[in-house]
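Okay, so here's the structure we're looking at.
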Amino acid sequence: MNTLSLAMTARWPHALTRAGVLLLGLILLGGSLLLDIASGPAQLSITQVLHSLLQGEGGDGVIVWQIRLPVALMALAVGAALGVSGLIMQTVLHNPLACSYTLGISAGAGFGAALFIVAGSSLGLAEAWGLPLCALGFAFVAGAAVLLIGRRRGGNAESYVLAGIALLFLFQALLSLLQYLAAPDALAQIVFWLFGSLYKSGWHAVGLMWLTLLLGGGLLARDAWRFTALGLSDERAASLGIAVARLRWRALALVSLLTGVAVAFVGTIGFVGLIAPHMARMLLGEDHRYLIPGAALSGALLLSLASLLGKWLSPGGLIPIGIVTALIGLPFFLLLILRGKDGQ
(Lines give C-alpha, C1' and ligand atoms only; values in the text may rest on other atoms or scores of the structure.)
Protein backbone atom coordinates (compact mmCIF):
# COMPACT_ATOMS: atom_id res chain seq x y z
CA MET A 1 0.00 0.00 0.00
CA ASN A 2 2.96 2.35 0.42
CA THR A 3 3.51 2.56 -3.34
CA LEU A 4 -0.20 3.15 -3.91
CA SER A 5 -0.36 5.84 -1.23
CA LEU A 6 2.67 7.66 -2.62
CA ALA A 7 1.23 7.56 -6.12
CA MET A 8 -2.07 9.01 -4.95
CA THR A 9 -0.38 11.72 -2.90
CA ALA A 10 1.68 12.85 -5.88
CA ARG A 11 -1.15 12.80 -8.39
CA TRP A 12 -4.29 14.02 -6.66
CA PRO A 13 -5.26 16.98 -4.46
CA HIS A 14 -4.13 17.24 -0.85
CA ALA A 15 -6.33 15.55 1.75
CA LEU A 16 -7.25 18.91 3.32
CA THR A 17 -8.37 20.27 -0.05
CA ARG A 18 -10.54 17.23 -0.67
CA ALA A 19 -12.04 17.48 2.82
CA GLY A 20 -12.85 21.13 2.04
CA VAL A 21 -14.56 20.08 -1.20
CA LEU A 22 -16.69 17.57 0.70
CA LEU A 23 -17.58 20.20 3.32
CA LEU A 24 -18.59 22.63 0.58
CA GLY A 25 -20.73 19.88 -0.96
CA LEU A 26 -22.48 19.35 2.37
CA ILE A 27 -23.21 23.09 2.67
CA LEU A 28 -24.63 23.21 -0.88
CA LEU A 29 -26.71 20.12 -0.16
CA GLY A 30 -28.16 21.71 2.99
CA GLY A 31 -29.09 24.83 1.01
CA SER A 32 -30.70 22.80 -1.74
CA LEU A 33 -32.66 20.79 0.82
CA LEU A 34 -34.09 23.94 2.43
CA LEU A 35 -35.02 25.44 -0.97
CA ASP A 36 -36.65 22.14 -2.01
CA ILE A 37 -38.77 22.11 1.16
CA ALA A 38 -39.68 25.79 0.74
CA SER A 39 -40.78 25.39 -2.90
CA GLY A 40 -44.21 24.25 -3.94
CA PRO A 41 -47.78 25.44 -4.49
CA ALA A 42 -47.75 27.07 -1.04
CA GLN A 43 -44.46 28.99 -1.19
CA LEU A 44 -42.67 29.21 2.17
CA SER A 45 -39.75 31.38 3.21
CA ILE A 46 -36.56 29.79 4.57
CA THR A 47 -37.44 31.27 7.97
CA GLN A 48 -40.85 29.57 7.88
CA VAL A 49 -39.21 26.28 6.90
CA LEU A 50 -36.70 26.46 9.75
CA HIS A 51 -39.43 27.43 12.23
CA SER A 52 -41.65 24.56 11.06
CA LEU A 53 -38.77 22.08 11.27
CA LEU A 54 -38.09 23.11 14.85
CA GLN A 55 -41.66 23.62 16.06
CA GLY A 56 -43.72 21.45 13.69
CA GLU A 57 -46.97 23.26 14.49
CA GLY A 58 -49.78 24.80 12.41
CA GLY A 59 -50.47 24.52 8.71
CA ASP A 60 -46.86 25.14 7.73
CA GLY A 61 -45.74 22.33 10.03
CA VAL A 62 -48.12 19.89 8.33
CA ILE A 63 -46.89 20.94 4.89
CA VAL A 64 -43.24 20.61 5.88
CA TRP A 65 -43.35 17.43 7.97
CA GLN A 66 -46.09 15.46 6.23
CA ILE A 67 -45.62 16.43 2.58
CA ARG A 68 -42.35 18.10 1.62
CA LEU A 69 -39.71 16.80 4.03
CA PRO A 70 -40.22 13.08 3.16
CA VAL A 71 -39.99 13.89 -0.56
CA ALA A 72 -36.88 16.04 -0.11
CA LEU A 73 -35.14 13.43 2.06
CA MET A 74 -36.06 10.67 -0.40
CA ALA A 75 -34.43 12.70 -3.19
CA LEU A 76 -31.20 12.92 -1.19
CA ALA A 77 -31.13 9.22 -0.30
CA VAL A 78 -31.98 7.97 -3.80
CA GLY A 79 -29.51 10.38 -5.43
CA ALA A 80 -26.75 9.30 -3.04
CA ALA A 81 -27.51 5.60 -3.63
CA LEU A 82 -27.46 5.99 -7.41
CA GLY A 83 -24.26 8.08 -7.27
CA VAL A 84 -22.40 5.50 -5.18
CA SER A 85 -23.78 2.64 -7.31
CA GLY A 86 -22.56 4.29 -10.51
CA LEU A 87 -19.12 4.97 -9.06
CA ILE A 88 -18.62 1.39 -7.93
CA MET A 89 -19.81 -0.06 -11.24
CA GLN A 90 -17.51 2.24 -13.23
CA THR A 91 -14.61 1.25 -10.99
CA VAL A 92 -15.03 -2.52 -10.90
CA LEU A 93 -15.88 -2.73 -14.62
CA HIS A 94 -13.27 -0.16 -15.78
CA ASN A 95 -15.91 1.54 -17.89
CA PRO A 96 -16.82 5.24 -17.52
CA LEU A 97 -20.28 4.61 -19.02
CA ALA A 98 -21.20 1.82 -16.60
CA CYS A 99 -24.02 2.36 -14.12
CA SER A 100 -27.03 0.42 -12.94
CA TYR A 101 -29.16 2.19 -15.57
CA THR A 102 -26.97 1.31 -18.56
CA LEU A 103 -26.23 -2.26 -17.44
CA GLY A 104 -29.74 -3.60 -16.95
CA ILE A 105 -30.23 -3.57 -13.17
CA SER A 106 -32.63 -0.61 -13.27
CA ALA A 107 -34.39 -2.20 -16.27
CA GLY A 108 -34.79 -5.42 -14.28
CA ALA A 109 -36.33 -3.51 -11.38
CA GLY A 110 -38.61 -1.67 -13.79
CA PHE A 111 -39.80 -4.94 -15.31
CA GLY A 112 -40.49 -6.33 -11.83
CA ALA A 113 -42.61 -3.30 -10.93
CA ALA A 114 -44.51 -3.46 -14.24
CA LEU A 115 -45.14 -7.18 -13.75
CA PHE A 116 -46.70 -6.48 -10.36
CA ILE A 117 -48.86 -3.69 -11.80
CA VAL A 118 -50.19 -6.04 -14.49
CA ALA A 119 -50.55 -9.25 -12.46
CA GLY A 120 -50.15 -8.18 -8.84
CA SER A 121 -53.81 -8.50 -7.88
CA SER A 122 -53.60 -12.28 -8.33
CA LEU A 123 -50.71 -12.44 -5.82
CA GLY A 124 -52.80 -11.01 -2.98
CA LEU A 125 -50.11 -8.49 -1.94
CA ALA A 126 -50.79 -4.85 -1.09
CA GLU A 127 -49.28 -2.46 -3.66
CA ALA A 128 -47.40 -0.53 -0.95
CA TRP A 129 -45.25 -3.62 -0.28
CA GLY A 130 -45.78 -5.86 -3.29
CA LEU A 131 -44.52 -3.42 -5.91
CA PRO A 132 -41.25 -2.54 -4.13
CA LEU A 133 -40.60 -6.21 -3.31
CA CYS A 134 -41.18 -7.27 -6.91
CA ALA A 135 -38.92 -4.48 -8.22
CA LEU A 136 -36.21 -5.33 -5.70
CA GLY A 137 -36.44 -9.03 -6.52
CA PHE A 138 -35.91 -8.49 -10.24
CA ALA A 139 -33.07 -6.04 -9.55
CA PHE A 140 -31.31 -8.90 -7.75
CA VAL A 141 -32.18 -11.27 -10.60
CA ALA A 142 -30.57 -8.86 -13.07
CA GLY A 143 -27.52 -8.33 -10.86
CA ALA A 144 -27.09 -12.07 -10.31
CA ALA A 145 -27.46 -12.75 -14.04
CA VAL A 146 -24.74 -10.17 -14.82
CA LEU A 147 -22.46 -11.84 -12.31
CA LEU A 148 -23.12 -15.39 -13.51
CA ILE A 149 -22.86 -14.64 -17.23
CA GLY A 150 -19.78 -12.48 -16.73
CA ARG A 151 -18.09 -15.16 -14.68
CA ARG A 152 -19.03 -17.81 -17.26
CA ARG A 153 -17.23 -15.72 -19.92
CA GLY A 154 -14.05 -15.46 -17.87
CA GLY A 155 -14.81 -12.96 -15.12
CA ASN A 156 -13.05 -9.96 -16.65
CA ALA A 157 -14.57 -6.47 -16.80
CA GLU A 158 -15.52 -6.71 -20.48
CA SER A 159 -17.54 -9.87 -19.85
CA TYR A 160 -19.63 -8.20 -17.16
CA VAL A 161 -20.28 -5.14 -19.36
CA LEU A 162 -21.44 -7.29 -22.28
CA ALA A 163 -23.67 -9.34 -19.97
CA GLY A 164 -25.20 -6.13 -18.58
CA ILE A 165 -25.93 -4.74 -22.03
CA ALA A 166 -27.59 -8.00 -23.08
CA LEU A 167 -29.79 -7.99 -19.98
CA LEU A 168 -30.70 -4.34 -20.56
CA PHE A 169 -32.14 -5.23 -23.97
CA LEU A 170 -33.82 -8.36 -22.59
CA PHE A 171 -35.67 -6.55 -19.80
CA GLN A 172 -36.60 -3.66 -22.09
CA ALA A 173 -38.12 -6.16 -24.53
CA LEU A 174 -40.03 -7.90 -21.72
CA LEU A 175 -41.25 -4.53 -20.46
CA SER A 176 -42.47 -3.58 -23.93
CA LEU A 177 -44.35 -6.90 -24.10
CA LEU A 178 -46.04 -6.20 -20.77
CA GLN A 179 -47.04 -2.72 -21.94
CA TYR A 180 -48.48 -4.19 -25.14
CA LEU A 181 -50.56 -6.73 -23.18
CA ALA A 182 -51.60 -4.44 -20.30
CA ALA A 183 -55.08 -2.99 -19.90
CA PRO A 184 -55.32 0.81 -20.45
CA ASP A 185 -55.37 1.63 -16.71
CA ALA A 186 -52.39 -0.61 -15.98
CA LEU A 187 -50.52 0.76 -19.00
CA ALA A 188 -50.95 4.35 -17.75
CA GLN A 189 -49.73 3.31 -14.31
CA ILE A 190 -46.66 1.58 -15.77
CA VAL A 191 -45.72 4.56 -17.92
CA PHE A 192 -46.06 7.04 -15.05
CA TRP A 193 -44.05 4.79 -12.72
CA LEU A 194 -41.27 4.33 -15.26
CA PHE A 195 -40.86 8.12 -15.55
CA GLY A 196 -39.78 8.19 -11.91
CA SER A 197 -41.54 10.15 -9.18
CA LEU A 198 -40.69 11.20 -5.63
CA TYR A 199 -44.20 12.28 -4.67
CA LYS A 200 -45.41 8.93 -3.31
CA SER A 201 -42.65 8.91 -0.70
CA GLY A 202 -43.87 8.32 2.84
CA TRP A 203 -41.88 8.17 6.05
CA HIS A 204 -41.67 4.34 6.07
CA ALA A 205 -40.19 4.35 2.55
CA VAL A 206 -37.78 7.16 3.46
CA GLY A 207 -36.63 5.22 6.53
CA LEU A 208 -36.03 2.03 4.54
CA MET A 209 -34.18 3.93 1.80
CA TRP A 210 -31.85 5.67 4.25
CA LEU A 211 -31.26 2.42 6.15
CA THR A 212 -30.33 0.68 2.89
CA LEU A 213 -28.03 3.56 1.90
CA LEU A 214 -26.20 3.55 5.23
CA LEU A 215 -25.84 -0.25 5.19
CA GLY A 216 -24.79 -0.62 1.55
CA GLY A 217 -22.67 2.53 1.48
CA GLY A 218 -20.95 1.58 4.73
CA LEU A 219 -20.05 -1.89 3.47
CA LEU A 220 -18.71 -0.44 0.21
CA ALA A 221 -16.69 2.19 2.09
CA ARG A 222 -14.90 -0.59 4.00
CA ASP A 223 -13.33 -1.63 0.68
CA ALA A 224 -12.39 1.92 -0.35
CA TRP A 225 -8.65 1.32 -0.74
CA ARG A 226 -9.31 -1.93 -2.64
CA PHE A 227 -11.51 -0.03 -5.12
CA THR A 228 -8.76 2.58 -5.51
CA ALA A 229 -6.26 -0.15 -6.36
CA LEU A 230 -8.73 -1.90 -8.66
CA GLY A 231 -9.27 1.40 -10.49
CA LEU A 232 -5.64 1.25 -11.60
CA SER A 233 -5.94 -2.23 -13.10
CA ASP A 234 -6.88 -5.80 -12.21
CA GLU A 235 -3.21 -6.79 -12.31
CA ARG A 236 -2.12 -3.98 -9.95
CA ALA A 237 -4.91 -4.87 -7.51
CA ALA A 238 -4.01 -8.58 -7.63
CA SER A 239 -0.34 -7.74 -7.00
CA LEU A 240 -1.43 -6.04 -3.76
CA GLY A 241 -3.11 -9.23 -2.56
CA ILE A 242 -6.69 -8.28 -3.47
CA ALA A 243 -9.03 -11.09 -4.54
CA VAL A 244 -10.36 -9.22 -7.58
CA ALA A 245 -13.15 -11.62 -8.58
CA ARG A 246 -14.50 -11.80 -5.02
CA LEU A 247 -14.37 -8.01 -4.66
CA ARG A 248 -16.22 -7.61 -7.97
CA TRP A 249 -18.95 -10.04 -6.88
CA ARG A 250 -19.39 -8.33 -3.52
CA ALA A 251 -19.50 -4.88 -5.10
CA LEU A 252 -22.10 -5.78 -7.73
CA ALA A 253 -24.30 -7.49 -5.10
CA LEU A 254 -24.33 -4.32 -2.97
CA VAL A 255 -24.94 -2.16 -6.06
CA SER A 256 -27.97 -4.35 -6.88
CA LEU A 257 -29.28 -3.79 -3.36
CA LEU A 258 -28.87 0.00 -3.50
CA THR A 259 -30.33 0.29 -7.00
CA GLY A 260 -33.17 -2.16 -6.42
CA VAL A 261 -34.44 -0.39 -3.30
CA ALA A 262 -34.10 3.04 -4.93
CA VAL A 263 -35.95 2.03 -8.09
CA ALA A 264 -38.55 0.15 -6.05
CA PHE A 265 -39.67 3.32 -4.26
CA VAL A 266 -39.31 6.07 -6.89
CA GLY A 267 -39.20 4.37 -10.30
CA THR A 268 -36.53 4.48 -12.96
CA ILE A 269 -34.26 7.54 -12.77
CA GLY A 270 -31.49 7.77 -15.34
CA PHE A 271 -28.26 9.76 -15.66
CA VAL A 272 -27.68 10.36 -11.91
CA GLY A 273 -25.64 7.17 -11.50
CA LEU A 274 -23.75 7.98 -14.69
CA ILE A 275 -22.94 11.64 -14.06
CA ALA A 276 -22.49 11.97 -10.29
CA PRO A 277 -19.29 9.83 -10.17
CA HIS A 278 -17.69 11.94 -12.92
CA MET A 279 -18.56 15.16 -11.08
CA ALA A 280 -16.94 13.81 -7.91
CA ARG A 281 -13.93 12.43 -9.78
CA MET A 282 -13.17 15.81 -11.38
CA LEU A 283 -12.96 17.45 -7.93
CA LEU A 284 -11.55 14.67 -5.75
CA GLY A 285 -9.36 12.44 -7.90
CA GLU A 286 -9.47 8.64 -7.71
CA ASP A 287 -8.96 7.98 -4.01
CA HIS A 288 -12.15 6.16 -3.06
CA ARG A 289 -11.88 7.17 0.60
CA TYR A 290 -13.02 10.59 -0.65
CA LEU A 291 -14.64 9.56 -3.89
CA ILE A 292 -17.35 7.36 -2.34
CA PRO A 293 -18.75 10.15 -0.10
CA GLY A 294 -18.14 12.59 -2.97
CA ALA A 295 -20.25 10.52 -5.38
CA ALA A 296 -22.97 10.24 -2.72
CA LEU A 297 -22.98 14.03 -2.24
CA SER A 298 -22.96 14.68 -6.00
CA GLY A 299 -25.85 12.29 -6.62
CA ALA A 300 -27.89 13.69 -3.72
CA LEU A 301 -27.27 17.28 -4.84
CA LEU A 302 -28.11 16.47 -8.45
CA LEU A 303 -31.45 14.85 -7.61
CA SER A 304 -32.34 17.57 -5.09
CA LEU A 305 -31.67 20.26 -7.71
CA ALA A 306 -33.69 18.27 -10.24
CA SER A 307 -36.61 18.24 -7.79
CA LEU A 308 -36.29 22.01 -7.41
CA LEU A 309 -36.10 22.54 -11.17
CA GLY A 310 -39.20 20.40 -11.70
CA LYS A 311 -41.17 22.62 -9.31
CA TRP A 312 -39.96 25.80 -11.00
CA LEU A 313 -40.77 24.50 -14.49
CA SER A 314 -44.31 23.55 -13.52
CA PRO A 315 -45.54 25.38 -10.38
CA GLY A 316 -48.25 23.25 -8.81
CA GLY A 317 -47.66 20.43 -11.31
CA LEU A 318 -45.95 17.07 -10.92
CA ILE A 319 -43.25 16.70 -13.56
CA PRO A 320 -41.76 13.18 -13.18
CA ILE A 321 -38.26 13.49 -11.77
CA GLY A 322 -36.86 11.09 -14.38
CA ILE A 323 -37.69 13.59 -17.14
CA VAL A 324 -35.92 16.41 -15.30
CA THR A 325 -32.77 14.35 -14.63
CA ALA A 326 -32.65 13.48 -18.33
CA LEU A 327 -32.90 17.17 -19.27
CA ILE A 328 -30.06 18.00 -16.86
CA GLY A 329 -27.99 14.92 -17.54
CA LEU A 330 -27.93 14.77 -21.32
CA PRO A 331 -25.92 18.02 -21.88
CA PHE A 332 -23.46 16.96 -19.19
CA PHE A 333 -23.17 13.51 -20.75
CA LEU A 334 -22.43 15.04 -24.17
CA LEU A 335 -19.82 17.30 -22.55
CA LEU A 336 -18.12 14.25 -21.08
CA ILE A 337 -17.99 12.61 -24.51
CA LEU A 338 -16.52 15.75 -26.13
CA ARG A 339 -13.93 16.21 -23.38
CA GLY A 340 -12.93 12.58 -23.75
CA LYS A 341 -12.59 12.99 -27.51
CA ASP A 342 -10.36 16.03 -26.99
CA GLY A 343 -8.24 14.07 -24.55
CA GLN A 344 -8.89 16.47 -21.66
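At-a-glance table
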item: Enumeration of residues in segment 132-189 that are hydroxyl-bearing (Ser, Thr, Tyr), over 20 Å from the mean Cα position of the chain (by Cα) and either surrounded by 15 or more Cβ atoms within 10 Å (Cβ to Cβ) or modelled with pLDDT under 85 (or both); result: SER159
item: Number of positions in segment 20-45 that are aliphatic (A, V, I, L, M), at pLDDT 90 or above and open to solvent by less than 90 Å² (accessible area, probe 1.4 Å); result: 8
item: Some residue of segment 73-92 being touching a helix residue (DSSP H, G or I) at 6+ places or on another chain (Cβ under 8 Å) and open to solvent by 50 Å² or more (accessible area, probe 1.4 Å); result: no
item: Residues of segment 230-256 satisfying the condition of being under 23 Å from the mean Cα position of the chain (by Cα), open to solvent by less than 40 Å² (accessible area, probe 1.4 Å) and hydrophobic (A, V, I, L, M, F, W, C); result: LEU230, LEU247, ALA251, LEU252, LEU254, VAL255
item: So VAL324, is it at pLDDT 85 or above, in a helix (DSSP H, G or I) and of a type outside the set (Ser, Thr, Tyr); result: yes
item: Among (1) modelled with pLDDT of 90 or more; (2) not charged (D, E, K, R); (3) not in a helix (DSSP H, G or I) - the single one GLY316 does not satisfy; result: (1)
item: Hits in segment 268-289 - residues which are in a helix (DSSP H, G or I) and surrounded by fewer than 24 Cβ atoms within 10 Å (Cβ to Cβ); result: HIS278, MET279, ARG281, MET282, LEU283, ARG289
item: Enumeration of residues in segment 201-214 that are open to solvent by 60 Å² or more (accessible area, probe 1.4 Å) and in contact (Cβ under 8 Å) with a residue 12 or more places away in the chain; result: TRP203, LEU208, TRP210
item: Any hit, segment 77-87, residues being farther than 27 Å from ILE37 by Cβ, at pLDDT 90 or above and assigned to a helix (DSSP H, G or I); result: yes
item: Residue in segment 46-65 that is of a type outside the set (A, V, I, L, M, F, W, C), outside any helix (DSSP H, G or I), at pLDDT below 90 and in contact with a helix residue (DSSP H, G or I) (Cβ under 6 Å, 6 or more places away or on another chain) present; result: yes
item: One residue from ALA145, ALA113, ALA186, ALA139 being touching a residue at least 60 places away in the same chain (Cβ under 8 Å) and under 24 Å from LEU220 (Cα atoms); result: ALA139
item: Residue list for segment 277-300, restricted to those being farther than 20 Å from LEU215 by Cα and either in contact with an Asp or Glu (Cβ under 9 Å, 6 or more places away or on another chain) or not basic (Lys, Arg) (or both); result: HIS278, MET279, ALA280, MET282, LEU283, LEU284, GLY285, GLU286, ASP287
item: Condition check for SER122: polar (S, T, N, Q) and either open to solvent by 70 Å² or more (accessible area, probe 1.4 Å) or touching a Pro at 6+ places or on another chain (Cβ under 8 Å) (or both); result: yes
item: Residue tally, condition hydrophobic (A, V, I, L, M, F, W, C) and open to solvent by 70 Å² or more (accessible area, probe 1.4 Å), over segment 190-199; result: 2
item: The lone exception for TYR101 - which of (1) outside any helix (DSSP H, G or I); (2) within 22 Å of PRO320 (Cβ to Cβ); (3) open to solvent by less than 60 Å² (accessible area, probe 1.4 Å) it fails; result: (3)
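The values are calculated or read from the model by the stated rules, or taken from the named source; none is laboratory data. Just so you know, these numbers come straight off a predicted model, no measurement behind them. Backbone-built Cβ (ideal geometry, glycine too); neighbour counts: all protein chains shown. Side chains included, ligands, DNA and RNA excluded: accessible areas come from the protein's heavy atoms. Shrake-Rupley method; radii C 1.70, N 1.55, O 1.52, S 1.80 Å.
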